[in-house]
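Colleague: First the structure, which I've put down as structure tokens, then a few questions once you've had a look.
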Amino acid sequence: MATSPPTEVTAMRNAYVDQFPDEARVIKAAFWSSFIALAIGGTLGLIQALHRTDVFRFIESPDYYTVLTAHGVLLAITFTIFFLVGTFTWAVTTSLDRGVVDVRFTWAWYIMMVIGTALVGIAIFSGFLESAPSVLGSELNADVLFTFYAPLEAHPIFYIGLVLFVVGSWLAGVDWFRTWLAWRSENPDERIPLPTFMVLTTTLFWYICTFGVALSILVFLLPWSLGITDSVNPLLTRTLFWYFGHAVVYFWLMPAYMMWYIMLPKFSGGKLFSDPLARVVFVLFLLLSTPLGIHHQYLDPGIAEGYKFIAMTNTMFLLLPSLLTAFTVVASMEHGARQRGGEGYLGWLKALPWRNPIFTGMALAGLMFAAAGFSGMINAGMNINYLVHNTWWVVGHFHLTVGTAVALTFMAASYWFIPQLTGKELWNRSVALGQVLLWFIGMTFMSNAMHRSGLFGMPRRTAEPQYQGFNFEPAVGTVGEINMQVALGGVILTLSLALFLLNMIMTSIGDDSESIPDNTYAGTLSGAEDSPRILDNLKLWTAIAVVLVIIAYTLPLASIIDAGGIFGPDIEGVRLSTWVDPAVIESLGEVIR
């Protein structure tokens with residue numbers, strides 16, 4: 001195999017900690033907060049997998065919902081967003097070649113996010129106590145799942161913690177914008193460096209999409225849980241959640257996309273195929289990611305079919321930035337492989353650095369995301385969605401997205417970040433390579449089984465998926481075989497997680513090294529100078545994004561409020577999981593029996 005030639009690079013040439021010691025400490029803290037959430041949430045995931053498949057049960061079924069809530073919140077919100085704020089702080093400071101304006105402000109938003117996480121955790125884990133302490137006049141509890149809309153009700157501390165966490169992330173965005181504005185005052189004619197451009201567009205998108213969940217918590221759920229209001233409109237809070245709930249998927253994905261764009265070409269030994277295409281992709285995510293949340297509500301009877309059809313159409317448009325990313329990243333990898341001596345239509349794949357855990361982890365994450373795109377198209381289509389709605393198919397899908405495309409990319413990138421932030425050499429590259437391969441294998445078993453079980457109607461969000469007098473009959477295989485795949489996948493994933501955490505700990509406490517890779521990005525075959533300056537007009541794209549959201553949500557929200565009122569009917573005493581009359585439930589049970 002030919003030796004990779006030197007590539008054009010930008011940014012720093014030393015370990016990050018040497019250039020930005022203050023920022024490195026904050027980023028390290030954010031990463032370790034992320035790792036702790038991953039460790040706890042991942043362990044809870046194994047408990048769920050073993051419980052639902054009836055392989056081994058050491059919790060009572062009511063406690064399953066506490067575990068499910070903690071697993072979802074810790075992994076889908078805490079793990080991802082703590083890693084994101086660390087990555088984005090790194091991206092802004094390295095691409096602008098300057099530190100943050102005031103590192104005390106940076107510490108402030110990080111501490112706010114930690115406090116928010118702690119409050120949410122206290123509220124959730126109190127569910128394990130037979131008699132949770134009484135705080136603010138009510139018992140601590142938050143078994144409301146990751147999708148915390150009404151009529152499920154959590155303790156006020158849960159909502160207060162969420163507010164602090166989200167506000168902390170907003171302030172992180174302010175920090176990045178302040179740093180960029182300080183840079184721009186000194187470089188008024190320069191194009192926004194690509195990593196910073198990705199951070200700023202993602203932040204603007206985050207401000208837009210979190211408006212819905214902030215409104216839901218502050219105006220409806222928190223006053224309701226405090227007893228200030230007697231009831232809420234569940235369909236309204238559900239719709240406001242999904243206004244945010246699907247968009248947040250792209251908030252997780254966009255830092256992964258950023259690393260695929262700026263790091264995979266470097267480790268492939270080549271250059272990014274197109275800077276302009278990367279900018280177009282992030283503008284499209286800013287424009288299209290929020291006005292489509294209603295596609296999670298195809299079975300909600302209170303929303304007209306026409307609005308659902310519009311949401312489906314918007315969702316299909318969102319395939320475009322993902323397809324552009326696949327083309328650009330694969331083209332960049334091919335360029336690197338051919339620089340390393342790769343030849344032929346597919347022979348160049350053999351020239352890629354598959355022994356590098358950073359490259360291999362990210363490449364396998366991208367491959368899994370391609371598979372997730374196919375299952376996502378099923379979720380997005382109105383008619384076919386009816387077959388898999390609220391089944392394990394959906395769980396299999398988001399384990400491919402956040403569970404692999406995001407999580408595996410973050411873990412692989414950590415093998416580069418942690419040495420940069422600590423000035424220490426990675427403890428064991430072979431263990432790292434084995435870890436990313438194990439994650440890929442474990443998730444293949446688990447997600448495959450979840451998708452298959454969803455096709456024959458296995459429900460999600462329940463500790464007991466079996467019904468009395470009713471047996472699920474898969475077209476291929478047996479329920480027992482599918483359950484064993486889920487359990488096996490869960491065990492392999494837990495082993496992979498343990499190896500990852502071991503490598504991170506041993507790297508952090510190891511000896512200083514003089515062989516830290518320099519903190520650089522690969523160059524580009526087509527740079528920012530080849531793209532129109534209008535792409536950098538953040539005010540224009542933000543205005544268009546807001547208009548699209550208004551168009552998509554004004555009429556549906558108005559119809560929901562018109563039908564049920566802003567605060568809904570009086571549902572005092574019916575705050576668990578359903579409005580259905582108990583007599584109706586009993587009659588349905590007779591039909592099933």
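Rule-based calculations on the coordinates, nothing more; no lab input. None of these values were measured; they are calculated from a predicted model. With ideal geometry, Cβ positions are generated from the backbone for all residues, glycine too; neighbour counts draw on all protein chains shown.
Colleague: Any chance you could give the angle, 0 to 90 degrees and rounded to 10, that helix 407-422 forms with the longest Cα principal axis of the chain?
Modeller: Rounded to the nearest ten degrees, it is 50.
Colleague: At a Förster radius of 35 Å, what calculated FRET efficiency corresponds to the Cβ-Cβ distance of Asp102 and Ile566, to the nearest 0.05?
Modeller: According to the calculation, E is roughly 0.30.
Colleague: Where the only charges are on Cβ atoms (+1 Lys, Arg; -1 Asp, Glu), what is the dipole of the chain about its Cα centre, to the nearest 20 debye?
Modeller: So the magnitude is around 1140 debye.
Colleague: What is the chain's relative contact order, in percent, from Cα pairs under 8 angstrom and six or more apart in sequence?
Modeller: So the answer I get is 21 percent.
Colleague: Between Ile509 and Val174, what's the calculated FRET efficiency when r is the beta-carbon distance and R0 is 45 Å? Round to 0.05.
Modeller: 0.85
Colleague: Continuing with the same structure: Kindly identify region 322-407 as rounded, prolate or oblate by the Cα gyration tensor criterion: order the square roots of the eigenvalues as a ≥ b ≥ c, call it rounded if a/c is under 1.5, otherwise compare a/b with b/c, prolate if a/b is larger, else oblate.
Modeller: prolate
Colleague: Using only Cα atoms, tell me the angle between helix 582-592 and the longest principal axis of the chain; keep it within 0 to 90° and round to the nearest 10.
Modeller: 80 degrees
Colleague: Hey, what angle do you get for helix 429-455 against the long axis of the chain, alpha-carbon based, 0 to 90 degrees rounded to 10?
Modeller: 30 degrees
Colleague: Another question, then. Classify region 385-427 from the C-alpha gyration tensor, please: rounded if a/c falls under 1.5, else prolate or oblate depending on whether a/b exceeds b/c.
Modeller: Prolate.
Colleague: Sticking with this structure for a sec: How would region 33-88 be classified by its alpha-carbon gyration tensor: rounded, prolate or oblate, with rounded meaning a/c under 1.5 and the a/b versus b/c comparison settling the rest?
Modeller: Since a/c reaches 1.5 and a/b is larger than b/c, the shape of region 33-88 is classed as prolate.
Colleague: Let me ask you something else. At R0 = 45 Å, how high is the FRET efficiency between Thr554 and Phe472 if r is their beta carbon distance? Nearest 0.05 is fine.
Modeller: Rounded to the nearest 0.05, the efficiency is 0.60.
Colleague: In which sequence would Thr409, Thr328 go, from the one with the fewest C-beta neighbours within 10 Å to the one with the most?
Modeller: Starting with the residue having the fewest Cβ neighbours, the order is Thr328, Thr409.
Colleague: What is the spin-label model distance, in nm, from Val55 to Ser526 if the labels are put 7 Å beyond Cα along the C-beta direction?
Modeller: Calculated label separation equals 4.7 nm.
Colleague: Over 24 Å between Cα atoms: which of Lys266/Lys424; Lys28/Lys271; Lys271/Lys350; Lys308/Lys539 fall into that group?
Modeller: The pairs that break the limit, which is 24 Å between Cα atoms, are Lys28/Lys271; Lys308/Lys539.
Colleague: If each of Leu455 and Tyr345 carries a label point 7 Å out from its Cα toward its Cβ, how far apart are those two points in nm?
Modeller: 2.9 nm
Colleague: Just the C-alpha atoms of region 233-373: what Rg/Rh do they give, with Rh taken as the Kirkwood radius?
Modeller: 1.10
Colleague: Please order Arg52, Arg104, Arg191, Arg452 by the number of other Cβ within 10 Å, starting at the fewest.
Modeller: Neighbour counts put them in this order, fewest first: Arg104, Arg191, Arg452, Arg52.
Colleague: Another question, if that's okay. Identify, among Ala558, Phe285, Leu129, the residue whose Cα sits farthest towards the positive end of the charge dipole of region 9-592, taking +1 on the Cβ of Lys and Arg and -1 on the Cβ of Asp and Glu, with the dipole about the Cα centre.
Modeller: Most positive-ward Cα: Phe285.
Colleague: Right, here's the next one. In whole angstrom, how far apart do the alpha carbon centroids of region 107-130 and region 146-173 sit?
Modeller: A separation of 10 Å, based on Cα centres.
Colleague: Once amide H atoms are built 1.01 Å from N in the peptide plane, which residues 5 or more positions from Tyr521, or in another chain, come under 5 Å H to H?
Modeller: For Tyr521, whose amide H was placed from the backbone, the distant partners under 5 Å are Thr10.
Colleague: Taking the number of other C-beta atoms within 10 Å as the exposure measure, put Ser231, Ser513 in order starting with the fewest.
Modeller: Listed from fewest to most nearby Cβ atoms, that is Ser513, Ser231.
Colleague: While we're here: Sum -39500 (n - 2.57) across every DSSP H segment of at least 4 residues in the chain, then divide by the residue count to get the 222 nm mean residue ellipticity, nearest 500.
Modeller: My calculation for the chain gives -21500 deg cm²/dmol from helical runs alone.
Colleague: While we're on this one: Wrap a convex hull around the Cα atoms of the chain, take a quarter of its surface area, and give that in square nanometres.
Modeller: Value for the chain: 27.2 nm².
Colleague: With each pseudo-label sitting 7 Å past Cα toward Cβ, what's the Arg25-Leu323 distance in nm, one decimal?
Modeller: 4.9 nm
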